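See below for the structure under consideration.
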Ligand SMILES: Cc1ncc(C[n+]2csc(CCOP(=O)(O)OP(=O)(O)O)c2C)c(N)n1
Ligand code: SF4
Ligand code: SF4
Ligand code: SF4
Ligand SMILES: [Mg+2]
């Protein structure tokens, strides 16, 4: 028995489509970039919670600097690494809003280390979405604090050397140690099951805002196929093999 | 017994040909076109050998949110 495509392709049979909380602007990201999937999950969560008009994002410096073009909510843009400080001000002045930062690993774990530490230590009622692709994507693939030992980047052409460059910084584990954080988790977005889990974590973090449960911190281990010099499919495979042992997925803290 | 049939529609002009949907499809429905879109990308289309079951895996993994998935319950 064959069913004509046109009988299937009807409005009432839609089971998955772009959420209206995404603007529909073509994203400037490279093909396969994890930032796109993470944007989509945030947009789906705010849409499903019905809080689009109460959500304020703070975008970083990094590839996701233009995130405000894609998720249809209120946004502001912070100086490099300073998103948690800006989000602090916004959430204190606007209790009842859902305030989140969106930051890369260069932005959050390098130039912005002080801001994220202190915001989490104060237990600011904000959500921090941290996309760790182990590299400075935007500026051409330089080493980040999160770069793996031996990983080749444009500034570590022979691979990251611990003698010279130190160890990959596990900032998520460090932040979990602070009393101000309530929910700290590490997720990924490379397969449908991982994407469902990551979305649930984002939802939980936004729900925590209503309960003022301290800072919610979500690391997403992601790919940067351009910086890693791989195809998106190879990058996902490399992430599973090399990144996950160093950055294991799962909840680190949930109070 | 209930049986589901699916179909997907790709916004081919916005697709970046990243291939993530192709490898995420459990039934081999999708493949990248020989032709390119306006931006020069080999866009994804339903030209693989498999039959779509409307599982939405492709839609979920697409970073650019350009896939719409349809699923119809077809009674035998
Ligand atoms: C004060 C300042 N220092 C340095 C830079 C250069 N710069 C721009 S983005 C960036 C790092 C981006 O890496 P990451 O935060 O990991 O984001 P990604 O692009 O990988 O998502 C740097 C160092 C800058 N714009 N401003
Ligand atoms: S450079 Fe890397 S992080 Fe930036 S858009 Fe391209 S793949 Fe994504
Ligand atoms: S809905 Fe499922 S079966 Fe159909 S093309 Fe997408 S991944 Fe393949
Ligand atoms: S995942 Fe999306 S952007 Fe990538 S090839 Fe498939 S439809 Fe195109
Ligand atoms: Mg980065």
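Read-outs throughout are calculated quantities, based only on the coordinates presented, and are distinct from any laboratory measurement. In this text, all values refer to a predicted model and were calculated from it rather than measured experimentally. Cβ sites come from the backbone with ideal geometry, for glycine too, and all protein chains shown count toward neighbours.
The table below gives the values:
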item: A:72, A:212 arranged by Cβ crowding within 10 Å, fewest neighbours leading; result: A:212, A:72
item: Among A:126, A:135, A:111, residue whose mean-square fluctuation peaks in a GNM of chain A (springs only between Cα atoms under 10 Å); result: A:111
item: Sorted peptide list for A:193-201, A:62-70, criterion being average Cβ within 10 angstrom, highest first; result: A:62-70, A:193-201
item: Burial order of peptide ranges A:228-239, B:10-21 (average beta-carbon count within 10 Å, highest first); result: B:10-21, A:228-239
item: Mean separation of Cα contacts under 8 Å (6+ apart) over length of chain A, as relative contact order %; result: 18
item: Per-residue average of Cβ from other chains inside 10 Å of B:5-12; result: 4
item: Spatial separation of Cα centroids for segment A:191-255 and segment A:92-142, in angstrom; result: 14
item: Shielding by partners - mean other protein chain Cβ count within 10 Å, residues of B:14-25; result: 5
item: Inter-centroid distance (Cα atoms) of segment B:27-76 relative to segment A:166-187, Å; result: 37
item: Compactness index (Cα Rg / 2.2 N^0.38 Å), the protein assembly as shown; result: 1.01
item: GNM flexibility winner over chain A from A:188, A:79, A:87 (Cα, springs under 10 Å); result: A:79
item: Sorted by Cβ density within 10 Å, fewest first, the residues A:206, A:100; result: A:206, A:100
item: Relative contact order (percent, whole number), chain B, Cα cutoff 8 Å, 6+ residue spacing; result: 46
item: Neighbour-count ranking [beta-carbon atoms within 10 angstrom, fewest first] of A:158, A:122, A:186; result: A:158, A:122, A:186
item: Spatial separation of Cα centroids for segment A:11-26 and segment A:66-87, in angstrom; result: 23
item: Cβ-Cβ FRET estimate between residue A:158 and residue A:5, R0 fixed at 51 Å, reported to 0.05; result: 0.45
item: Peptide B:49-58 - average C-beta neighbours from other chains (10 Å radius); result: 2
